[in-house]
Amino acid sequence: MWVVPDEQGIVPGYEQSEVDAELLTGRLVPVASGMPQHVDEAAIRIRNQYATLHVARLEPGHSVELPEAPYLHLFVARGEVDLEGAGELAAGDTVRFTATGGQRVTANEPSEVLVWEMHAGMAS
């Protein structure tokens, strides 16, 4: 997913960081963020103060709660999960949310989910 930066004319960059230890916690881990509240915990800083990419690795029966935000995008990268209020999702499935959050995502098997949390409209 391409996230438009807050600033014009910046040079695109590339960054890589190891987050395996954090992902063992079974919680949503901010791996890329420009949001002020993630300054000390995001593995990679992006230049958009309204967006965060969270990742969670879940064992069967474990769950995470989706953040509340104007826009969310859930992607099941691996495994199978149950999305509260929607049912089962398998690897490759995506769900977009508007003005929501708080739903639980529970793993039915070892799973990995990616969640984009966005608090501003997309630039045109």
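In table form, for the structure just shown:
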quantity	calculated
Candidate set from segment 1-37 (those that are under 11 Å from ALA51 (Cβ atoms) and without any contact (Cβ under 8 Å) to a residue 24 or more places away in the chain); member that is surrounded by the most Cβ atoms within 10 Å (Cβ to Cβ)	SER33
Residue ID - surrounded by the fewest Cβ atoms within 10 Å (Cβ to Cβ), chosen from residues in segment 96-106 that are within 23 Å of ALA120 (Cα to Cα) and among the hydrophobic types (A, V, I, L, M, F, W, C)	ALA99
Subset of segment 1-50 that is among the aliphatic types (A, V, I, L, M) and touching an Asp or Glu at 6+ places or on another chain (Cβ under 7 Å) - its residue that is nearest to ALA77 (Cα to Cα)	VAL29
Single unsatisfied condition, LEU114 versus (1) assigned to a strand (DSSP E or B); (2) over 21 Å from TRP2 (Cα atoms); (3) not charged (D, E, K, R)	(2)
Residue selected from segment 25-38 under the condition of a type in the set (Val, Ile, Thr) and in a strand (DSSP E or B), by the criterion nearest to ASN108 (Cα to Cα)	VAL29
Answer from GLU41, GLU7, GLU22, GLU18 - the residue that is over 23 Å from ALA120 (Cβ atoms), part of a loop (DSSP other than H, G, I, E, B), among the charged types (D, E, K, R) and over 13 Å from the mean Cα position of the chain (by Cα)	GLU18
Cβ-Cβ under 8 Å pairs, at least 6 apart or on other chains, segment 77-97 side over 17 Å from GLY61 (Cα atoms) and free of Cβ contacts under 8 Å to residues at least 40 places away in the same chain, far side in a strand (DSSP E or B) and open to solvent by 80 Å² or more (accessible area, probe 1.4 Å)	ARG96/TYR71; PHE97/TYR71
Long-range neighbours under 8 Å by Cβ, at least six apart or interchain, first residue within 28 Å of GLU88 (Cβ to Cβ) within segment 39-60, second part of a loop (DSSP other than H, G, I, E, B) and charged (D, E, K, R)	ALA56/ARG27; PRO60/GLU109
Selection status of VAL55, of a type in the set (A, V, I, L, M) and in contact with a helix residue (DSSP H, G or I) (Cβ under 7 Å, 6 or more places away or on another chain)	yes
Positions within segment 101-110 being under 14 Å from the mean Cα position of the chain (by Cα) and either of a type in the set (Lys, Arg) or assigned to a strand (DSSP E or B) (or both), in sequence order	ARG104, VAL105
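The values are calculated or read from the model by the stated rules, or taken from the named source; none is laboratory data. All values reported here derive from a predicted model rather than from experimental measurement. Cβ atoms come from the backbone with ideal geometry, glycine included; neighbour counts cover every protein chain shown. Surface areas here come from the heavy atoms of the whole protein model, side chains and all, with no ligands, DNA or RNA. Shrake-Rupley method; radii C 1.70, N 1.55, O 1.52, S 1.80 Å.
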